[in-house]
Each structure stands twice: as C-alpha cells, then as structure tokens.
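One structure below.
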Amino acid sequence: MLKDITIGQYFPGTSPIHKLDPRMKIVLTVAYIILLFTAQNAVGLAVGVLFLVLVYGISKIPPVMILRSLKPVVPIIVFTSVLNMFFIDGRVLFQWWILKLTAEGVKTAVFMSVRIVCLIAGTSLLTYTTSPIALTDGIERLCNPLKRFKLPVHELAMMMTIALRFIPTLFEETGRIIKAQKSRGAEFDEGGLMKRAKAYIPVLIPLFVIIFRRAESLAVAMEARGYNGGAGRTRLKPLRWRTCDSAALAVFFAVSA
C-alpha cells in the first residue's frame, strides 16, 4: 500500500499543462474542487469528470499513476458509499433487518464516490505537473498580500513545499522499516486492532529518528548554501503570465458555465 502512494511526486514533462503558470494551476485546482461540490446533478458532475480526463490526456501522465493515487483512498470511498446507501431515507429498494437500501442513498453514494475520486485525481495533477520550486514560487506570489500583516510568506511557502516533497520519501522509509521489522519476526497483520496498533510502535520510533535527521541535514545544507529567507532573493525563472494561461482560464470558465 505504501509504495502506491504518489502524493507529492513530480513527473517532468513538456505538455501544455506542465508549461502553465503555477499560480494558474493552484487557483484552477481550488476552483475545480469548489465546482465538484457545487454540482447538484449528473450532467454537471459528468462534465467535471470529462474535463479532468481531458486534462490528464493533455498532460500525458501515465494512467497507472492515476490508479496508484486512488488506491489508498478506496477504503474511504467504500465506507462513505455504504453509509450513504443504507442510512439515507427515501424509496426503499431492499431491506434486511435494520438495513434499508434506498434509491436516494444509492444516488448520493455514487455522487460522493465520483466526487472523492475527482478530488484526489485533480489535486494530484497539481503536484504531478508542477515542480517543487515552481510550486513554492506560485504559493508565495499568491500569498503576497499577507505580507502586509507581517506574515513570513516565503518561509511558509517553503515549509509547505518541503513537507509535500518529502511525503513520498517518508512513505518509502516507512516501507523499509516495516520490511526490516518483518525480517526480524515482527507480525503486523495478526491479532486484534490493539495488537496491530502496538506492533507499529517499533516502526514509529525509528521513523521519527529518520525524520529529525533528515530535517537537520536539510537545515545544514540550506545554511551552507547561504539561505536566509526570502529577503533579497531572486529567481532563475521568474513567473510570467502567457497566452496559454489566458487560454486555460477561458476554457475553465467555459466548462464551469
């Protein structure tokens, strides 16, 4: 399961989606999430799904990566669907004991499942097609108005991007620790819930040690390179609004309408 998590990974490419301004991609991602949860009928939701499929096709992200990003949330989707199908009042389709399968419940379950899938796939596309440096610049530029309130915008954007970047690394380290513990006879899939939870304690301790060591190494490397925050920093590739960004914005407004 851990190796299937692709959150925070970046896949270099030359597609039109990769070349869009990161500020545009961040804003459109947020707007797309809002539209997903404001769609109240099958037509609106279907348009959102088709739009996402079209964008993935343009970005040339391998379909297997989309499936890998969705695999960890399958239990959440199933749990949410079951709750909606059997605990929402409406026209009863099937009844057994205290469980009632209703038409309204099935409709809500389908809507919520599709929304969750589109939510994960849409947000994953942002990190798939945007490098960590570009993502940092985009977040910082969008949050520039907060500097009036004396907030360290550059530092906050840097911390968010670093945290997102190291998610795959931490899952990889967790997988290695679990394999090492299993080779020493540890059992993670046997016993009740409490026994399984206690079995992960030997995993958490070395994981936290690795996290702090990586954080210290990163801090030393940044200091050795003269990093002192956002004051006076320049960019190798300044963000520029181009024609393709305007075209992407126009297309999104058309889909939204």
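The values are calculated or read from the model by the stated rules, or taken from the named source; none is laboratory data. Owing to the predicted nature of the structure, the values given are computational and were not obtained by experimental measurement. No Cβ is skipped: glycine too gets one built from the backbone with ideal geometry, and neighbour counts run over all protein chains shown. Keep in mind that these areas ignore ligands, DNA and RNA; they rest on the heavy atoms of the full protein, side chains included. Shrake-Rupley method; radii C 1.70, N 1.55, O 1.52, S 1.80 Å.
Against the list (1) closer than 22 Å to residue 133 by Cα; (2) within 26 Å of the chain's Cα centre (by Cα); (3) not acidic (Asp, Glu), the condition residue 257 fails is (1). Contact annotation: residue pairs with Cβ atoms under 8 Å, 6 or more positions apart or on different chains, pairing a residue in segment 193-210 that is under 12 Å from residue 177 (Cα atoms) with a partner that is of a type in the set (Phe, Trp, Tyr) and surrounded by 13 or more Cβ atoms within 10 Å (Cβ to Cβ), are 200/188. Contact annotation: residue pairs with Cβ atoms under 8 Å, 6 or more positions apart or on different chains, pairing a residue in segment 139-154 that is in contact (Cβ under 8 Å) with a residue 24 or more places away in the chain and closer than 21 Å to residue 234 by Cβ with a partner that is open to solvent by 90 Å² or more (accessible area, probe 1.4 Å) and aliphatic (A, V, I, L, M), are 139/160.
Checked against the criterion of being open to solvent by 80 Å² or more (accessible area, probe 1.4 Å), touching a helix residue (DSSP H, G or I) at 6+ places or on another chain (Cβ under 8 Å) and at pLDDT 80 or above, the candidates 214, 235, 225 yield just one match: 214. Could you please give the count of residues in segment 232-247 that are among the hydrophobic types (A, V, I, L, M, F, W, C), in contact (Cβ under 8 Å) with a residue 12 or more places away in the chain and not in a loop (DSSP other than H, G, I, E, B)? Total meeting the criteria: 1.
Of all the criteria given as (1) crowded, with 18+ Cβ neighbours inside 10 Å; (2) touching a helix residue (DSSP H, G or I) at 6+ places or on another chain (Cβ under 8 Å), the one not satisfied by residue 168 is (2).
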